[in-house]
Amino acid sequence: MTTIATAELGIKEATGNNDGKRVEQYLRYTNLGKGHQWCAAFVSWCYGQAGLTQPRNPWSPALFPNARTYWKRGKFANLQIREFAIADVFGIYSSSAKRINHVGLIKERDNKYLITIEGNSNNRVESRRRHLSTIYALADWITENQNLN
């Protein structure tokens, strides 16, 4: 999964308006056209390229259903999971939007930081180093969860 996302590093919007050939491919994967925020579409597209059918949603909060969210507000919310995993989804909460409004993928953990790959960050796909205190939630879309059926 992170190999797929890493190959996309450097993809930029054409005009800074959530557009461009590759950005629009991410958006189309989630049934949206150009002009929409695309961080969740990028994450969904990466999972799809890896052969997973979910998540496939352009709305950031939708990537954090209770059954998939294992870490929230600095605490593990799932007693079964006690470690962050590569390719899990991170979410950042916006107090002005009153919801998670940006997401990306975990590439690695570096002590109190996550190294991420994220779309629609500075109008491009880029890798960032984010302190855990800035991360609102983490979700696992790779591990099979029998309770989701």
Output for Cβ contacts, cut-off 6 Å, separation at least six or different chains, first residue modelled with pLDDT of 95 or more in the range 105-134, second of a type in the set (Ser, Thr, Tyr) and assigned to a helix (DSSP H, G or I), reads Lys107/Thr2
For the range 53-80, enumerate the residues that are touching a residue at least 40 places away in the same chain (Cβ under 8 Å), surrounded by fewer than 16 Cβ atoms within 10 Å (Cβ to Cβ) and either outside any loop (DSSP other than H, G, I, E, B) or out of contact with any helix residue (DSSP H, G or I) (no Cβ under 9 Å at 6 or more places or on another chain) (or both).
Arg73
Looking at the range 15-25 only, could you name the residues that are without any contact (Cβ under 8 Å) to a residue 12 or more places away in the chain and surrounded by fewer than 14 Cβ atoms within 10 Å (Cβ to Cβ)?
Thr15, Lys21
Those residues of the range 75-116 which are under 14 Å from the mean Cα position of the chain (by Cα), under 18 Å from Asn57 (Cβ atoms) and among the hydrophobic types (A, V, I, L, M, F, W, C) amount to Ala87, Val89, Phe90, Ile92, Ile100, Val103, Leu105
Give me a count of the residues in the range 94-149 that are buried (at least 21 other Cβ atoms within 10 Å of the Cβ), at positive phi and not in a strand (DSSP E or B).
0
Could you please give the count of residues in the range 88-124 that are farther than 21 Å from Lys12 by Cα and in contact with an Asp or Glu (Cβ under 7 Å, 6 or more places away or on another chain)?
1
Assess whether Lys12 counts as being over 14 Å from the mean Cα position of the chain (by Cα), in contact (Cβ under 8 Å) with a residue 24 or more places away in the chain and either within 15 Å of Asn123 (Cα to Cα) or surrounded by fewer than 21 Cβ atoms within 10 Å (Cβ to Cβ) (or both).
yes
Tell me which of these Arg124 doesn't satisfy, since it passes every other one: (1) within 22 Å of Arg22 (Cα to Cα); (2) of a type in the set (D, E, K, R); (3) under 13 Å from the mean Cα position of the chain (by Cα).
(3)
Those residues of the range 29-42 which are surrounded by fewer than 17 Cβ atoms within 10 Å (Cβ to Cβ) and touching a Lys or Arg at 6+ places or on another chain (Cβ under 9 Å), in sequence order:
Asn31
Selection within the range 48-90 - over 17 Å from Ile100 (Cβ atoms), of a type in the set (Val, Ile, Thr) and at pLDDT 90 or above:
Thr53, Ile86
Go through the range 26-52 and count every residue that is free of Cβ contacts under 8 Å to residues at least 12 places away in the same chain and either in contact with a Phe, Trp or Tyr (Cβ under 8 Å, 6 or more places away or on another chain) or in a loop (DSSP other than H, G, I, E, B) (or both).
2
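The values are calculated or read from the model by the stated rules, or taken from the named source; none is laboratory data. None of the values given here were measured: they were computed from a predicted structure. All Cβ positions, even for glycine, are placed from backbone atoms using ideal geometry, and neighbour counts span all protein chains on display.
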